[in-house]
Amino acid sequence: MIPFLEILLALPFVAAGAIAWLRPRSRAASAWLAAAAPLLGLALLAWLTPAVLQGWVPRADHAWIPQIGLNLSLRLDGLAWMFAGLVLAMGALVVMYAHYYLAEEDSAPRFFGCLLLFMGSMLGVVVAGNLLLMLVFWELTSISSFLLIGFWYQRQDAREGARMALAITGGGGLALLGGVLLIGRIVGSYELDAVLAAGDAIRASELYPWALGLVLAGVFTKSAQFPLHFWLPHAMAAPTPVSAYLHSATMVKAGVFLLARLHPALAGTDLFFYVVSGVGAITLLLGAWFAIFQHDLKGLLAYSTISHLGLITLLFGLSTPMAVVAGVFHIINHATFKASLFMAAGIIDHETGTRDMRRLGNLRRFMPMTSALAIIASLAMAGIPLLNGFLSKEMFFAQALEISGHQAMRQAIGVAALLYAMFGVAYSLRFVHETFFGRGPRAVRHEPHEPPRWMKIPVEVLVLLCVAVGVFPTWTVAPVLHAAAAAILGPAMPAYSLSAWHGFNVPLLMSLAGIAGGIALYFGLRRLLNLHAIVRRSLGRRLFRWNMDALYALAERFTTRVANGSLQRSLVWLVLAAVAAGAAPFLSGAHEPLQWHAPQPMPLLGWLLWLVLVACTAWTIRLYRQRLLALVVLGGAGLVVSLTFVFLSAPDLALTQLLVEMVSLALLLLGLHYLPPRSPPERTPRRRLRDIAVAAAAGLGIGLLAYAVMTRPLGDPASVEMLARSLPEAYGRNVVNVILVDFRGFDTFGEITVFGVAALIVHALLRRARMAPDKVMFGPPIKLPVPADLAQLMFPLTLTVSVFLFLRGHNAPGGGFIAGLVLAVPLLIQYVIQGAASVESRFGFDYIRCIGVGLLVAGLSGAASLLFDAPFLTSGHLDLRLPVVGQVPLASAIGFDTGVYLVVFGGAMLILSMLGTIKPSRTRLAHAGIVEPGLRSTRTAEPNA
């Protein structure tokens, strides 16, 4: 069976990865790749549409981490199908629009890559069939939106808006995690089918109020509900295509989607009714009222989005079947008219250079087509008849009047509905009147004119949908609405009719009253107040900044007290924490008392190795102030440890230790070049005694812990099981390598990720660093051609050895980690002998990309097992019979080991190259009277310097 859902979900991520390889100026190629993902996704969705409309729910289930209940479960019911269509269709239109919107200096690959990551994350939220899996994609939407909101990172408002959005939605995501864990504890499963079927059990549980509160915290933060709504207007610092996509189909719609998705499990109680509908009603009114006084086009639309999200939340809070249908209907309608309005605002900004309504006006004369499209979309937003917004607003009025059993709430929501209608007409009228009518424009950067033809097509498509749904709802939107609402309500799905005319009734009178009242309110405010002079400051923003400043101050005071820049103090705290953690089981009695057994006899070679190790350790302590000598002696201790592994018949560990010693010795030698040759003495005897006590406690603790581990009863050790399973299940005779790439492959993947991140941090810290040695430790450079030539000759030989060790690693000592270090050794020698500039001019290798490719290869090779319904990083085996070579056994773990190989080599070489290319300090050179322009790094040179 073709994995339709897996392909549908993977398309945006694959396209984003492909775009990441393009050059920054590859605008057309980036746009075509970005458009291909949603278009292909829509084709797959169209293939599945007949089955979904008939009530079938396509599924895909793959084990991921079943021990904690996390599975790669995907399901496409009517609600997920509707949202997936919104995400993909809006994404395709936004890509077309963004191609013409972005300036020449903007990086199109970076923008479209982040946009596709955003698209794939939202798609994962809606098709996830497991709550924990949904949380993974939920957090990805927060991260990808952070990247998009801060796309213009050179602007302060973009950086601040991105941080605010990430902080608020990230905090809500943590709350949602707690709620999901409580739901899983109540139900006993995180699978969505089980959760939705256990609604009665969830509502009857004593944990229900806590679970509901935590889930609603995630919903309210994501969908910008009061009092955490203030982040959304500040997210308008993003490029307009991002704003259009974020407001119409992604990010803010994730909250109301989750409210709809979990409605069968959480709704049906008074607590749910009062909290959800109350918060929705407050958000509905506040957002609409504040929208009237905005001067920025996108600011007005942002506050109107807050209001409409409040309306959707209120409808789901009412919990009646028709209220749920109205809520789903308004999600569709809001997506169409709000995306078109944002795109129209972006066109105005693009062609005039401003979004400030105080400087705009009379644009209908300069941009007649854009003006007509924006006016129609604004009327749809205001709920004018024969447009889509009118139909869902009518359904809202009808449900507000039919609330039963809550008389006070019924009256309050009825008043809120009428005020919402008035405010909505007022801010829509201001958007139209002050932008397209009146006098103007004034002090704009460019002469207003129509945008390129293809830039208007997305707006035209959306406005056409607004009109088509408003006039012919039964033919256009009825099947979509029925499928989505039925996925929520099930057998409780009510009978209803969609029509542009239901006769004269109370909802129609409320609509007419709202239209008349909104017109009167807008012109009354214009007469009584100078709307252009009113500047509203965001109280939420001030509180957020005050809170962040307080947190920064607290962190600064804590850092000053605990970690004041002294490396010794930081190490003392670290070692003390480790000692406390190790001693806790012994002091609490959780560990069995130590049993002192008779030691095993040690041969003479063992005693010799032990004596050399003790001597090297003692001599290192004695020579610690003489850094170079201490480093050499410490290297001797590492060599003895390697010999100890050989003595204990552990060749893999011995080879790894030896190579790590060689690489780290070279790196430390480079680092010592920028430090004084001698360490300063301790300031006081008290500190010296303290360090001795801490070191003694740590050493004694490690010794006792090692003794406890080595003398505990064996029972059924894990090593026996690993030895038994290594060859038949992982197809490898080298158990050490099998553990690394199969049994504990996930740990290895985390370790190489940490190693790669550490190398990137070194690169970020040192790429513009300027330091100069206080003293030349190694004397003047000695030009010896023979060692240099030998180092170059060693590289092909070492490469051969490296490949040999890599290929044999699954069945004999070797593997990706060892092979990567072996390959780095000759380059290390060349760096030390010839210098970084000489080596990199000939070698020319991109170590950063090597790390990225390694992580990608490791991740993809591990994920390949998911296609065969096997857990992540499960090994497979294949025997190839080649014509000349003969039979060649291959294990799929070689792909993961290839990733390890690349990351280890790239990370080690990146650290080395950064340590070898630190530029001398210009200040110290100036004091010495030396001016050498060639020493200045081109990466740090300032323009016109």
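Quick note: the coordinates plus some simple rules give every number you see, no bench work behind them. These figures come from a predicted structure and were not determined experimentally. Please note: Cβ atoms are built from the backbone with ideal geometry, for glycine as well, and neighbour counts cover all protein chains shown.
In table form, for the structure just shown:
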item	result
Positive-end residue, the range 100-188 charge dipole about Cα centroid, Cβ charges, pick of S121, S107, A162	S121
For the range 495-512 versus the range 794-826, the gap between their alpha-carbon centres in whole angstrom	76 Å
Calculated log₁₀ intensity ratio I(q)/I(0) where the Debye formula runs over C-alpha points of the range 407-492, q = 0.12, 0.24, 0.25 Å⁻¹	-0.76, -1.14, -1.13
Burial order of peptide ranges 754-762, 64-72 (average beta-carbon count within 10 Å, highest first)	754-762, 64-72
Among F472, F272, L669 the positive-end extreme of the charge dipole of the chain (Cβ point charges)	L669
Which labelled figure in [x] 1.03; [y] 0.99; [z] 1.20 is Rg/Rh (Cα atoms, Kirkwood Rh), once derived from the coordinates	[x]
Packing-based ranking, highest mean first, of 176-184, 392-400 given that Cβ atoms within 10 Å are counted	392-400, 176-184
Whole-number D in µm² s⁻¹ for the range 278-527, Kirkwood Cα-pair radius fed into Stokes-Einstein, 20 °C, 1.002 mPa s	116 µm²/s
Convex hull volume of the range 445-547 per residue (C-alpha atoms, cubic angstrom)	303 Å³
Placed amide H near Q626: partners under 5 Å, 5+ positions off or other chain	S679
Computed P(r) (all Cα pairs; the range 179-298; 5 Å bins; percent)	2, 10, 19, 21, 16, 12, 9, 7, 4, 1, 0
Cα-based helix-to-principal-axis angle, 321-352 vs the chain, degrees rounded to 10	80 degrees
Tilt relative to the chain, helix 785-808 - C-alpha long axis, 0 to 90 degrees, to 10	70 degrees
Mean Cα-pair separation over length for the chain, i.e. relative contact order, pairs under 8 Å, 6 or more apart, %	9 percent
Quotient of Cα Rg and 2.2 N^0.38 Å for the range 506-587, N being how many residues it contains	2.53
Mean separation of Cα contacts under 8 Å, 6 or more apart, over the residue count of the range 259-335: relative contact order %	35 percent
Order by protection proxy (mean Cβ within 10 Å, highest first), peptides 529-542, 810-823	810-823, 529-542
On Cα atoms only, tilt of 745-766 relative to the major axis of the chain in degrees	90 degrees
Whole-number percent relative contact order across the range 278-527, with pairs defined as alpha carbons under 8 Å at least 6 apart	27 percent
Rounded Å value of the spacing that divides the Cα centres of the range 604-650 and the range 221-238	59 Å
Listed residue (N737, S875, A339) projecting farthest to the positive dipole end of the chain, Cβ model	A339
Aspartates and glutamates with Cα under 16 Å of K456, excluding same-chain neighbours fewer than 8 positions away	D349, E351
Residue-averaged 222 nm ellipticity for the chain, from DSSP H runs of 4+ at -39500 (n - 2.57), nearest 500	-23500 deg cm²/dmol
Under 15 Å from K253, Cα to Cα: aspartates and glutamates that are on another chain or at least 8 residues apart	E139
Kirkwood Rh, Cα atoms: Rg over Rh of the range 79-231	1.04
Radius ratio Rg over Rh of the range 605-680, counting only Cα atoms, Kirkwood formula for Rh	1.04
Total charge dipole magnitude, the range 1-96, about the Cα centre, Cβ charges on Lys, Arg, Asp, Glu only, Debye to nearest 20	400 debye
